[in-house]
Every structure is written in C-alpha cells, then in structure tokens.
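> Before anything else, here's the structure in question.
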Amino acid sequence: MVTEDALDRWIAAAHAEGLVAVDTETDMLDCVSCALVGVSLAVGPNAACYIPVGHGGKDMFAEKPDQLPLALVLAKLKPLLEDDSVLKIGQNLKYDITVLRRHGIEIAPYDDTIVMSFDLDAGQSLAGHGMDEAAKVHLNHTCISFKDVCGTGKSQISFAEVPLDKATEYAAEDADVTLRLWKLFKSRVANEGATRVYELVDRPLVAVIAKMEHEGIKVDREALSRLSAEFTAEIAKLEGEIHGLAGQPFAIGSTQQLGAILFDKMGYKGGKKGKSGAYSTDVTILEQLKTQGAEIAGKVLDWRQLSKLKSTYTDALQAQINRDTSRVHTSYSLSGAQTGRLSSTDPNLQNIPIRTEVGRQIRHAFVAEPGNVILAADYSQIELRLAAHMADVPALKEAFANGEDIHAATAQQLFGEVNRDTRGRAKTINFAILYGISRWGLAGRLEISADEAQDMISRYYERFPGISLYITDTIEKARSRGYTETLFGRKTWFPRIKASIQHERQGAERAAINAPIQGTSADIIKRAMARMGPALATEGLHQVKMLLQVHDELVFELPEGDVEQASTVIRRVMEGAAEPIVKLSVPLGVEIGHGPSWGAAH
C-alpha cells in the first residue's frame, strides 16, 4: 500500500470490523534500537495489507521504492491503534507495542495469540507457540520463513533491503495468519476454561512486560571487567587442582574425557554410558560422586558454575549493553516455561545464582542511575506458603500465620531440635520436596547417603501427611486428566505422565507435583506486576520504574526520596495480588530492601 487513499480505506475497514491484526517489520530484532520498516494490517481472513515506510535501507544514496512518509502513516494509524472500540490483535505483541510506543503510539485494547496459545496448550507436545508452528498445527498452513525473504549467514540482508513485492507477501501473511489464529483461539479460550487465566493474569501483562523491556537496567561495565578477571584466575586455579587430583591434564569441559578420568582411571562407581559410548557426567552424577567423597567432582561442579557465569554474564553482558541507552534490555517470554513462569533471554537474568557469593557479586554490577536506588521486593517462601494452603497442612499454616521461622519449625518437627545444622537441612528439605526430588538429588544437596536421604523424605511425609496426600492426589489427577491446574485455573499438560519408559514417566510426575504450586506463584506475581503501575501512579509515584522480574522477585529503580512511600505501595500490591479471585489460608509475606545496586538491595 503506497497511497494515502488506500491507507484511509484500510483504516476505515478496520473501524467497521471493530478489530485489526497488526504486525511491525523492522531492520533488527532489538526493539529498543530498531528502525520501523513497515506495518501490516489484517481485517479479515485473506484481507491483509502491508504499509512500507522504511524500505531502501539507511544508505541515503540508494534508490528508494515508492512508499508513504513515516510521519504520515503514524499520524493515520495512531487514532486507529489507540481506539478503545477497535480490538488490536498481535502475535508476540510486546515487540510491536515497544516499537510503536517509541513512535508515540500506545496500542490498546489488545489480544496476543502467542499468549492465548500458551494458556490453552502449555506442555502439549507442539513445536512451540510461535506463529509458524501454530499455523502448521492449527491451520495446516506453512508460512513464508524469514530466511526465505532475508537469507541467512553472511548473505542475510535487512528487511529494509527486501524488495516490496517479497516484503508485502511475507508481512501481509503475518497479519493474516495472526488474525486466523485469533479466531480459532478466541473460541477455545472461552470453551476450554482458559478465560480467567488469560484475561486476569496473562493478557494484562503483555504491555507491562513491553514497558519493562524498554526501561532496561544500567550495568557497571568496569565492575564486570574486574569480576571477569577474578573469575579467570579462579577458573585457572580450579583447573590446576582438578588436573592434580586426576593425575594428568585433560579437557574438563569434555564429558568424554571427564567420564574416562572419573570412572576408568580413578575407578569411581556409578558410571553410566549413553548411546554415544561416553559416560554421563551431568550434575546429578557429579553430586552423587561428591557425596561418595570424590573431591574432584565437587571441584568440577565449581569449575562449571564459574565458567558459565563468566561466559554468560561477566563477559557477555558487556557486549549486551545497548549503545543508545547504555542499559541492558532483557527479553521476557510469556510462553517460555510451561508452568506459567516468565523466562528471559538476551541476557537471561533469571539464572544468576541467588544464594552464592559469586551470584551476589554479579548482582552488584546492576546499578541505579545517580540520585536513584535499586529496590528489590521478594515474596518470602511463597511456594511453601502455597503448599501449606493447597495441601492443607495445619502445622505449616499455623507457623506462617504466627510469623514463625518455617525452617526452624520444620527442623523441630523432623529432628526434635533447632540449631544451625538442623535448620539448614530443614530448609533444603522444605524446598526440595515440593520439586519431587529423588533420594539421590537430596543426598547430593545435603551431602549424605541416599539411604539417609530416603529416611529424611519418609520422616517429612510422616510429620506432614498433607504433603504426601497432595503429591499422590496431584499425580493421580494428572494421570486421569492429562494436566494439572493452578488456583487461577492455568492448565499445564503432561503428555508423558503415562509413558511406558520409566524415566520419562517419573520426570513427568515430578514436574506435575510442582506445577500447581509454581504456577500459582507465577500467577500471583504476574497479577502484582499488572496492578503495580496503576497503584504507584495513584500515589503520585511516577518516577518508580519496574525493571526486572526474577521468579519471586520484582526489581525497581526509583528516586531515593521515594523509597519509604514506594515500599508501602509495593508491599500492599504484592501481598494482596491473589485477591479477590483466590482467598489464601496463609498470609503472603514480602521482603524489601534497597541500595545503590541490585546486590546491595538484598
């Protein structure tokens, strides 16, 4: 579409339909810095168009195709995309929201087909919830791929360089397929009991996530450089110690060489070979060896953690600092974890270890702007609280209601006394049981034998029979229905829960045990996030910015003078996020701290 009259006709058609599918095309995946290349619209099946605004690339001397001026197109689209009477439909709409927000357009109201797909089919054995995969599964349609239009590798071109005929075919199809998927998903959401979780938990979060991604967080490059150097020295030290214990140098990162050292040369028991003929050396195996007294296994685990933190964070984060904003902008997925938790990539800020010193050091590199502070608000033991409610465990509910130290209470129940050692063990057991941990897994964490670990698991179930009944009931329901549910009605499907292969079935059972608890926790923090902006605005706290969500924690940046008032609002919103939909029999607790960095806020 390259004429103003044609654009006006499409906009009029969208108003008449009361809905429009919208998709943006840009010159890069980075929605914070990309240039808008075009916008596609669809108003009905096979009724879609493409509005090019940035084809021809950035070369001012290159020949530009006929296209409408960007300013004109934005001025025409703004009333449509902000019209409350016209529903906007997108696929992974948070990207388009950010791109258009940078151009002064706030999309509302909206539906997002990737979120609808996830809320309907989380855990189902589909390739994913992306548009191409969903089109194949639900529409029996193969979409034009991005690589077919832009190429791959060194020959890949920007979408701004794609000829208009090819660009139109690709972009218009995106909007058309999105609309057709929406028509299918909309009725399924209503008919399959997904309305509550979609409308009251996930859909409102799309715009919130878009805003958080756009805000980003400042990172101290020099602090990361210093930390990287420290990690390099520590990794080299560990390598020397590992080689010394092995009696020879070898590639520690090679599972084949490591397995040969551990099981063939050093003679440790428990080695299992896979199809490739190499021994497995995953974390479970190494933890088992560590409990058997294999010092080398513990050092390899330390080496792996430091190596990953160095490559993923202290090194990679420096390259991921945005040149335009001098901040890091992670990308959240609302369909990444089947329990409903958010996941993040580029960079993944949710895998930084929480309880280790090296993890805390990395967090210290995330800092506030001058005059501001970082505030971290963390749900206190939310999954244990939810387990107490969902499994109806009187002893745990009473402890939470009275504000007792829950790990001390568990230690008293299990061991008859409370000291540093028994409380630490009780804390590990409390969390591990909710994840359906095996005796080997618990043995590795507590550094005890598997028999001792099994005895502790058995004693836990004896003291808290409600937990055992909850686990049994959850697995039975998952087997009979094929899915589990959160308190908000989020379904997670487990197609392998009846698998004939034992390890597949047991893996599905462990996941099913935790899904209702972890999923309900995710639903609650999502509701808190969606309510947070309006609650802060009502109190005049317009400078408080929500930057990150890391599982049970929300991270904010705000003026130092707003800390006390903001803390009160944040605590109120988070502690009341389940209501009025879900009435919990235990209180939710929130721990809040602040400081010049994310690390200092804990």
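The values are calculated or read from the model by the stated rules, or taken from the named source; none is laboratory data. Since the structure is predicted, the reported quantities are computational estimates derived from the model, not experimental observations. Neighbour counts run over all protein chains shown; Cβ positions are idealised from the backbone, glycine included.
Condition check ((1) modelled with pLDDT under 90; (2) under 30 Å from the mean Cα position of the chain (by Cα); (3) within 24 Å of I448 (Cα to Cα)) across all residues:
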{"position": "A229", "(1), (2), (3)": "no, yes, no"}
{"position": "T232", "(1), (2), (3)": "no, yes, no"}
{"position": "I242", "(1), (2), (3)": "no, no, yes"}
{"position": "G253", "(1), (2), (3)": "no, yes, no"}
{"position": "T291", "(1), (2), (3)": "yes, no, yes"}
{"position": "A316", "(1), (2), (3)": "no, yes, no"}
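> Another question, then. Name the one entry in D405, D392, D473 that is out of contact with any Asp or Glu (no Cβ under 9 Å at 6 or more places or on another chain), under 30 Å from G576 (Cα atoms) and in contact (Cβ under 8 Å) with a residue 24 or more places away in the chain.
D392
> Can you give me the number of residues within the stretch 209-244 that are surrounded by 15 or more Cβ atoms within 10 Å (Cβ to Cβ) and either hydrophobic (A, V, I, L, M, F, W, C) or under 28 Å from G336 (Cα atoms) (or both)?
18
> Can you pull out the residues in the stretch 577-602 that are over 27 Å from A223 (Cα atoms) and either acidic (D, E) or without any contact (Cβ under 8 Å) to a residue 12 or more places away in the chain (or both)?
E579, P580, K583 - these are the residues of the stretch 577-602 that are over 27 Å from A223 (Cα atoms) and either acidic (D, E) or without any contact (Cβ under 8 Å) to a residue 12 or more places away in the chain (or both).
> Which condition number does E222 fail, the rest of (1) out of contact with any strand residue (DSSP E or B) (no Cβ under 9 Å at 6 or more places or on another chain); (2) in contact (Cβ under 8 Å) with a residue 40 or more places away in the chain being met?
Unmet for E222, out of (1) out of contact with any strand residue (DSSP E or B) (no Cβ under 9 Å at 6 or more places or on another chain); (2) in contact (Cβ under 8 Å) with a residue 40 or more places away in the chain: (2).
> Among the residues of the stretch 372-380, is any under 30 Å from K310 (Cα atoms), in the same structural domain as E575 (by TED's automatic domain parsing) and assigned to a loop (DSSP other than H, G, I, E, B)?
Scanning the stretch 372-380 turns up no residue that is under 30 Å from K310 (Cα atoms), in the same structural domain as E575 (by TED's automatic domain parsing) and assigned to a loop (DSSP other than H, G, I, E, B).
> Among the helices (runs of 4 or more DSSP H) contained in the stretch 164-268, which hold 1 or more residues that are under 30 Å from L334 (Cβ atoms)?
164-191, 205-215, 221-246
> From (1) more than 25 Å from E575 (Cβ to Cβ); (2) surrounded by 15 or more Cβ atoms within 10 Å (Cβ to Cβ), pick out the condition that doesn't hold for G371.
So the condition that G371 fails would be (2).
> Just the residues that are assigned to a helix (DSSP H, G or I) and buried (at least 19 other Cβ atoms within 10 Å of the Cβ), please, taken from the stretch 104-137. Before the answer, list the steps.
Filtering the stretch 104-137 down to residues assigned to a helix (DSSP H, G or I) leaves 113-121, 131-137.
The answer is T113, I114, V115, M116, S117, F118, D119, L120, D121, M131, A134, A135.
> Something else about it: Within the group I382, I362, I354, I374, which residue is over 17 Å from M212 (Cβ atoms), of a type in the set (A, V, I, L, M, F, W, C) and at pLDDT 95 or above?
None of the others qualify; the one that does is I382.
> Go through T339, T422, T428 for me and flag whichever is among the hydroxyl-bearing types (S, T, Y), surrounded by fewer than 17 Cβ atoms within 10 Å (Cβ to Cβ) and either in the same structural domain as W493 (by TED's automatic domain parsing) or closer than 30 Å to I471 by Cβ (or both).
T428
> Something else about it: From the residues in the stretch 427-445 that are in a helix (DSSP H, G or I) and more than 21 Å from A409 (Cβ to Cβ), which one is modelled with the lowest pLDDT?
G444
> Among the listed residues A376, A399, which satisfies the condition of being surrounded by 15 or more Cβ atoms within 10 Å (Cβ to Cβ), over 23 Å from K491 (Cα atoms) and under 19 Å from the mean Cα position of the chain (by Cα)?
Working: A399 fails: under 19 Å from the mean Cα position of the chain (by Cα).
Step by step, each of A376, A399 is checked, and only A376 is surrounded by 15 or more Cβ atoms within 10 Å (Cβ to Cβ), over 23 Å from K491 (Cα atoms) and under 19 Å from the mean Cα position of the chain (by Cα).
> For the stretch 146-162, give me each residue that is surrounded by 11 or more Cβ atoms within 10 Å (Cβ to Cβ) and in a loop (DSSP other than H, G, I, E, B).
Across the stretch 146-162, the qualifying residues are G151, Q156, I157, S158, V162.
> Return the only residue of A537, A511, A566 being at pLDDT 95 or above, out of contact with any His (no Cβ under 8 Å at 6 or more places or on another chain) and buried (at least 18 other Cβ atoms within 10 Å of the Cβ). Let's see the steps before the verdict.
Values: A537 fails: buried (at least 18 other Cβ atoms within 10 Å of the Cβ); A511 fails: at pLDDT 95 or above.
Exactly one residue qualifies, and that residue is A566.
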